[in-house]
Amino acid sequence: MDLVLFCHPSFLSSQSMPRFARMLKTSYEARGHRVELWSPRSKVSKRIPRGRFSKWAGYIDQYILFPIWARKATRRVSSNTLFVFCDQALGPWVPLVKDRPHVVHVHDLLALRSALGDIPENPTSVTAAFTSAIFAADFSRAATLFQYQTKHARTCIGSVVSALRYPKSSTTE
């Protein structure tokens, strides 16, 4: 089987998500699958010095340039390719493969639940609530969601899925 893993861009300086993507890639390849990693490249953000505008340059790379590239690349891969989103925060890219087989790994929904107002002791900014709503709307379109945590996490995903009126999910421990 051919797999494409959508991953966070390397210019975000995250450690855990790239490690998770590499773990998935290694595991899938050990089972005989062909795997490609897709993530935004630093085109605009590498030209902007670290500071106030570098975040916005990263957004251009992630939400304007990468989708253009990914749409073209999607046409070049086999029709039976499975697209795997390594994190629910990559939800804005789900519509790129909405008509293709795809799954979304869900790691932590506490921030999303906070943004939805489910956890009043953890208030979020207006910007965080807005971006969380966009991510949730996009990842809620996914065919399958995978949650890898405890019973408490199942409760979290249940309330978020209910809030989004989204009936499809897969939960594993």
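Structure data summary
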{"read-out": "Length added when fully stretched, Ser16-Arg31, from 0.36 nm per residue minus Cα-Cα", "value": "3.1 nm"}
{"read-out": "Surrounding net charge for Ala73, when Lys and Arg each add one and Asp and Glu each subtract one, Cβ distance under 13 Å", "value": "+4"}
{"read-out": "Long-range amide H partners of Ser42 with built H, under 5 Å", "value": "none"}
{"read-out": "Other-chain or far-sequence residues with amide H under 5 Å of Val4's (modelled H)", "value": "Glu36, Leu82, Phe83, Val84"}
{"read-out": "Residue pairs, from the table Lys25/Lys98; Lys25/Lys55; Lys55/Lys98, whose Cα atoms sit over 25 Å apart", "value": "Lys25/Lys55; Lys55/Lys98"}
{"read-out": "Contour excess over end-to-end distance, with Cα ends at Lys43 and Arg75 and 0.36 nm allotted per residue", "value": "9.3 nm"}
{"read-out": "Counted charge near Leu24, where neighbours are those whose Cβ lies closer than 13 Å (Asp, Glu -1; Lys, Arg +1)", "value": "+1"}
{"read-out": "For the range 87-92, 3J(HN,Hα) per residue [Karplus equation, 6.51 cos²θ - 1.76 cosθ + 1.60, θ = phi - 60°, Hz, x = Gly/Pro]", "value": "7, 5, 5, 8, x, x"}
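None of the figures in this text is laboratory data; all of them are computed from the coordinates on show. Predicted model only: the values in this text are computed from it and were never measured. Here Cβ is always computed from backbone atoms with ideal geometry, including for glycine, and neighbour counts include all displayed protein chains.
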